[in-house]
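Participant: Dumping the structure here so I can ask a few things about it.
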Amino acid sequence: MTDLLSGIRVLDLTNVLAGPYCAYQLALLGADVIKVEAPPGGDLARQLGASPELNRAGMGASFLAQNAGKRSVMLDLKNPDGRERFLDLVATADALVENFRPGVMDRLGLGHKKLRESRPSLVYCAISGFGQTGPMRGNPAYDQIIQGLSGIMSITGTPETAPLRVGYPVADTLGGLVGAFAVAAALVKQRTTGEGAFLDISMLECTLSALGWPVSNYLTAGVEPRPMGNENVTAAPSGAFRTGEGLLNIAANKQEQFVTLCRLIGRPELASDPRFAERETRKRNRAGLKVLIEDALAGASAAIWEEKLNRAGVPAGRVLTIPQVLEEPQVTERAMATSFEGVSGMDRPLTVVRGGFMVDGAAPVPAGPPPRLGEHMDEVFAALPERDTSRARA
């Protein structure tokens, strides 16, 4: 059974990436995730992605990436009737995820304090750029902004090219992962004590936490991290190397791995060369060592070297493109992707990727394709208990 969160209902009020990715992880684990979208267009990600046709259909590729397995309802939370219907949903929910700027839900009269009056056990997860407190709490925040403020860009690239943005929305993604982890943990407490929780997720703090090694090097050793391109600051030879065909990552981080590498590339004498004999001397002379290794690697392709080095215990891997890795047997055999037929606005099957884990040997996959805007209004509200009219009058 991969539905570890079966029986859990999550309300997803989020937009674009960090929040939707958080709720997607919960949906993959079997939670009933109801996406509450605002009229007229719903989640902005419905209009984002590489296909103009899908964007116009409200099923943008960016939306498709992290909303499979959810159900969609459309409510105007600025409207009294919309708020009442939303409170009907809250009365049945175990958790709620939102990624508005701090204060927005309070201004709507639907903040955590208000909701816990009627649902004390609710796990309320608020994802924002900087958290609910602090001098920057009200600032708008996109992934690009967090990448720059967190220090990630300062250590990405080479000394000549840095600072550079990481090539995908890493800060958004980290915020979503941490949010899902925190919700799952709070649900355990909810099940054992009946108590809810307020989870304040800061994308900036999530990103700083994930920068553990470079931050620790500065805080503990006083060494300011710097951009090193494809080189590994902790060891050499450890980085990307040119071969006869293609780029190859090698991580000979242990002494025995370095000795084996030297033997396999036909340069055993490098292991005893005073410039390279020890970890620290190799780090100081990494540029010269890289030239010698690349000269030796020129005799074969990255694919051949990858197989040869790994077989001997030296970690190595080709540098692949996204299309290439999706076709790798390692990825296809473990069912990293799943497909759906007949998705609205698409003339071909939709393929989405799951989470990065398996449960008892099985791959958790979304229960259905990403929903059309408001697709499940009748289904969701017909199943709710009869409205508490005394609350509605109040």
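The values are calculated or read from the model by the stated rules, or taken from the named source; none is laboratory data. These figures come from a predicted structure and were not determined experimentally. In this analysis, Cβ positions are derived from the backbone assuming ideal geometry, glycine residues included, and neighbour counts consider all displayed protein chains.
Participant: Would you confirm, using the coordinates I've provided, whether Leu164 is in the same structural domain as Asp106 (by TED's automatic domain parsing), in a loop (DSSP other than H, G, I, E, B) and of a type in the set (A, V, I, L, M, F, W, C)? Explain how you work it out, then say what you get.
Facilitator: Details: in the same structural domain as Asp106 (by TED's automatic domain parsing): yes; in a loop (DSSP other than H, G, I, E, B): yes; of a type in the set (A, V, I, L, M, F, W, C): yes.
Yes.
Participant: Still on this model: What residue, among those in the stretch 42-65 that are crowded, with 21+ Cβ neighbours inside 10 Å and among the small types (Gly, Ala, Ser), is farthest from Asn99 (Cα to Cα)? Before you say what the answer is, go through the steps one by one.
Facilitator: So in the stretch 42-65, the residues crowded, with 21+ Cβ neighbours inside 10 Å come out as 42-43, 45-46, 54, 59-60, 62-64.
Those still in the list that are among the small types (Gly, Ala, Ser) too: 42, 45, 60, 62.
On the way: Gly42: 14, Ala45: 14, Gly60: 20, Ser62: 17 Å.
Checked the stretch 42-65; the qualifying residue farthest from Asn99 (Cα to Cα) is Gly60.
Participant: Could you please let me know if Thr193 is outside the structural domain of Ala287 (by TED's automatic domain parsing) and under 27 Å from Thr321 (Cα atoms)? Give the derivation first.
Facilitator: Details: outside the structural domain of Ala287 (by TED's automatic domain parsing): yes; under 27 Å from Thr321 (Cα atoms): no.
Judged against the criteria, Thr193 is not a match.
Participant: Can you pull out the residues in the stretch 89-123 that are buried (at least 21 other Cβ atoms within 10 Å of the Cβ) and among the acidic types (Asp, Glu)?
Facilitator: Once the filter is applied, which keeps residues that are buried (at least 21 other Cβ atoms within 10 Å of the Cβ) and among the acidic types (Asp, Glu), the stretch 89-123 yields Asp94, Glu98.
Participant: Starting from residues that are in a helix (DSSP H, G or I) and touching a strand residue (DSSP E or B) at 6+ places or on another chain (Cβ under 8 Å), keep the ones in the stretch 105-123 and report whichever is nearest to Val380 (Cα to Cα).
Facilitator: Looking only at the stretch 105-123, we keep the residues that are in a helix (DSSP H, G or I), and these are 105-107, 112-118.
Checking the rest, the ones that are also touching a strand residue (DSSP E or B) at 6+ places or on another chain (Cβ under 8 Å) come to 105, 112, 115-116.
Numbers: Met105: 22, His112: 23, Leu115: 20, Arg116: 22 Å.
So, considering only residues that are in a helix (DSSP H, G or I) and touching a strand residue (DSSP E or B) at 6+ places or on another chain (Cβ under 8 Å), the one nearest to Val380 (Cα to Cα) is Leu115.
Participant: Do we have any residue at all in the stretch 193-209 that's under 24 Å from Met153 (Cα atoms), part of a loop (DSSP other than H, G, I, E, B) and within 21 Å of the chain's Cα centre (by Cα)?
Facilitator: Taking the stretch 193-209 first, the residues under 24 Å from Met153 (Cα atoms) are 201-209.
So of that shortlist, the ones also part of a loop (DSSP other than H, G, I, E, B) come out as none.
No, that holds for no residue.
Participant: Surrounded by fewer than 21 Cβ atoms within 10 Å (Cβ to Cβ), touching a Ser or Thr at 6+ places or on another chain (Cβ under 8 Å) and outside any loop (DSSP other than H, G, I, E, B) - does that describe any residue in the stretch 16-27? Give the derivation first.
Facilitator: Here is the first cut: in the stretch 16-27, the residues surrounded by fewer than 21 Cβ atoms within 10 Å (Cβ to Cβ) are 16.
Retained after the next criterion (residues that are touching a Ser or Thr at 6+ places or on another chain (Cβ under 8 Å)): 16.
In the following step, the residues that additionally are outside any loop (DSSP other than H, G, I, E, B) were identified as none.
Looking through the stretch 16-27, none of the residues is surrounded by fewer than 21 Cβ atoms within 10 Å (Cβ to Cβ), touching a Ser or Thr at 6+ places or on another chain (Cβ under 8 Å) and outside any loop (DSSP other than H, G, I, E, B).
Participant: Moving to a separate point now. Can you go through Ala287, Ala302 and tell me which one is small (Gly, Ala, Ser), buried (at least 19 other Cβ atoms within 10 Å of the Cβ) and modelled with pLDDT of 95 or more? Can you show your working first?
Facilitator: Numbers: Ala287 fails: buried (at least 19 other Cβ atoms within 10 Å of the Cβ).
After ruling out the rest, the residue left standing is Ala302.
Participant: Let me ask you something else. Select the helices (runs of 4 or more DSSP H) contained entirely in the stretch 234-351, then report the ones holding at least 3 residues which are over 30 Å from Gly60 (Cα atoms) and out of contact with any helix residue (DSSP H, G or I) (no Cβ under 7 Å at 6 or more places or on another chain). Break it down stepwise before answering.
Facilitator: Working: elements: 255-264, 279-284, 286-297, 302-311, 322-326, 329-333.
Fully inside the stretch 234-351 and qualifying: 255-264, 279-284, 286-297, 302-311.
Participant: Name the single residue that is nearest to Thr260 (Cα to Cα) among those in the stretch 308-330 being surrounded by 14 or more Cβ atoms within 10 Å (Cβ to Cβ) and free of Cβ contacts under 8 Å to residues at least 24 places away in the same chain.
Facilitator: Leu320
Participant: From the list Ala126, Ala68, which residue is aliphatic (A, V, I, L, M), surrounded by 21 or more Cβ atoms within 10 Å (Cβ to Cβ), modelled with pLDDT of 95 or more and not in a loop (DSSP other than H, G, I, E, B)?
Facilitator: Just a single option satisfies the conditions, and that option is Ala126.
Participant: Let me ask something else. Among the candidates Val178, Val223, which residue alone is among the hydrophobic types (A, V, I, L, M, F, W, C) and exposed (fewer than 14 other Cβ atoms within 10 Å of the Cβ)? Don't jump to the end; show me each part of the working.
Facilitator: On the way: Val178 fails: exposed (fewer than 14 other Cβ atoms within 10 Å of the Cβ).
Val223 is the lone residue from the list that is among the hydrophobic types (A, V, I, L, M, F, W, C) and exposed (fewer than 14 other Cβ atoms within 10 Å of the Cβ).
Participant: Evaluate the stretch 230-246: report whether one residue or more is touching a Gly at 6+ places or on another chain (Cβ under 9 Å), charged (D, E, K, R) and surrounded by 14 or more Cβ atoms within 10 Å (Cβ to Cβ). Break it down into steps so the answer makes sense when it comes.
Facilitator: Of the residues in the stretch 230-246, the ones touching a Gly at 6+ places or on another chain (Cβ under 9 Å) are 230-232, 239-240, 243-244.
Now narrow it down to the ones that are charged (D, E, K, R): 231.
Next, only the ones that are surrounded by 14 or more Cβ atoms within 10 Å (Cβ to Cβ) stay: 231.
Yes; the residues of the stretch 230-246 include at least one that is touching a Gly at 6+ places or on another chain (Cβ under 9 Å), charged (D, E, K, R) and surrounded by 14 or more Cβ atoms within 10 Å (Cβ to Cβ).
Participant: Another one. Please give the number of the condition Asp172 fails out of (1) acidic (Asp, Glu); (2) assigned to a loop (DSSP other than H, G, I, E, B); (3) in contact with a Phe, Trp or Tyr (Cβ under 8 Å, 6 or more places away or on another chain).
Facilitator: Unmet condition: (2).
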